[in-house]
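Note sheet for the following structure.
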Amino acid sequence: MSFFEVNSEHRQQFEREGYVLAKQLFRPAEIERLTHYARADRAIAAQATSRTDAQGGTTTLSLSNDLGDNLYAAVVQQQRVAGNMARLLGDEVYHYHHKMMLKDPYVGGAWEWHQDYGYWYDFGCLYPTMGSCFIAVDPATRENGCLQVIPRSHQLGRMNHMKVGGQTGADPERVAAVLERLPVEYVEMAPGDGLFFHGNLLHRSDQNTSPNP
């Protein structure tokens, strides 16, 4: 079976829209193994931190800066992830961090509008040639709070970030101005799909009020 590989059309879309959706970046058997591995991993719960959104909901994530001897590191270092990101950014890539987002049924909180480079900028990253690869482990739908993006918003450059609820989000006034001019796209994904997006792309997600993780 062949795997997703970035081509010239994908690079043009990434430069124009700020993101590329890769269907079945990982096979069902691979993502099923990752799912079982993660749900049995006690370290995720031990390392997890929580933040409140602007409505008082709780968002939880487990983050690692290191590439250890585990399945998460193996996923991150795959050519399907690192190699494709290098092609999209047009440069060699290094690992900044990886994380597991935990959005439990009924109680999973929202993530406010932000740019990933809005955080990374303050940690010594001079150039915005950075990006993220979001890999769906469970089905991501509008009902359970899938990722939302603003296409072409990466062309606006880095925005000032400030406290929004218990999170750090992009300047709400500037975001409001952006939303008057650019559309929002809900990125629904099946398990194993991957979304590559630029570090300056504005994105967020709703609370999970559904029965599905």
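Below are the figures for this structure:
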| quantity | calculated |
| --- | --- |
| Filter result for Gly199 (of a type outside the set (A, V, I, L, M, F, W, C) and open to solvent by less than 10 Å² (accessible area, probe 1.4 Å)) | yes |
| Hey, Tyr121 part of a helix (DSSP H, G or I) and either among the acidic types (Asp, Glu) or open to solvent by 70 Å² or more (accessible area, probe 1.4 Å) (or both) or not | yes |
| Contacts under 6 angstrom Cβ, first residue in the stretch 136-155 being farther than 24 Å from Ala170 by Cβ, partner acidic (Asp, Glu) and not in a strand (DSSP E or B), 6 or more apart | Thr141/Glu188 |
| Hits in the stretch 72-118 (condition: over 30 Å from Arg27 (Cβ atoms) and not in a strand (DSSP E or B)) | Tyr106, Val107, Gly109, Ala110, Gln115, Tyr117, Gly118 |
| Matching entry among Leu89, Leu102 (being touching a Ser or Thr at 6+ places or on another chain (Cβ under 6 Å) and at pLDDT 95 or above) | Leu89 |
| Every residue from the stretch 29-46 that is outside any helix (DSSP H, G or I) and either surrounded by 14 or more Cβ atoms within 10 Å (Cβ to Cβ) or touching a residue at least 24 places away in the same chain (Cβ under 8 Å) (or both) | Asp41 |
| Index of the failed condition, Asp138 passing every other in (1) crowded, with 16+ Cβ neighbours inside 10 Å; (2) in a loop (DSSP other than H, G, I, E, B) | (1) |
| In the stretch 173-187, the residues that are free of Cβ contacts under 8 Å to residues at least 40 places away in the same chain and under 20 Å from Asp53 (Cα atoms) | Glu173, Arg174, Ala176, Leu179, Val184 |
| Qualifying residues in the stretch 146-175 (those that are at pLDDT below 95 and assigned to a loop (DSSP other than H, G, I, E, B)) - the one least open to solvent (accessible area, probe 1.4 Å) | Gly166 |
| Number of the condition not met by Ser132 [criteria: (1) of a type in the set (Gly, Ala, Ser); (2) open to solvent by less than 60 Å² (accessible area, probe 1.4 Å); (3) without any contact (Cβ under 8 Å) to a residue 12 or more places away in the chain] | (3) |
| Residue list for the stretch 73-118, restricted to those being of a type in the set (A, V, I, L, M, F, W, C), under 30 Å from Ala176 (Cβ atoms) and open to solvent by 20 Å² or more (accessible area, probe 1.4 Å) | Leu89, Met101, Leu102, Val107, Trp111, Trp113 |
| Residue match in the stretch 47-66 (condition: in a helix (DSSP H, G or I), in contact with a helix residue (DSSP H, G or I) (Cβ under 8 Å, 6 or more places away or on another chain) and surrounded by 14 or more Cβ atoms within 10 Å (Cβ to Cβ)) | no |
| Test: residue in the stretch 194-209 that is more than 22 Å from Leu63 (Cβ to Cβ) and either at pLDDT below 95 or touching a Leu at 6+ places or on another chain (Cβ under 8 Å) (or both) | yes |
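The values are calculated or read from the model by the stated rules, or taken from the named source; none is laboratory data. Quick caveat: nothing in here was measured; it's all calculated off a predicted structure. Here Cβ is always computed from backbone atoms with ideal geometry, including for glycine, and neighbour counts include all displayed protein chains. Accessible surface areas use protein heavy atoms only, side chains included; no ligands, DNA or RNA. Shrake-Rupley method; radii C 1.70, N 1.55, O 1.52, S 1.80 Å.
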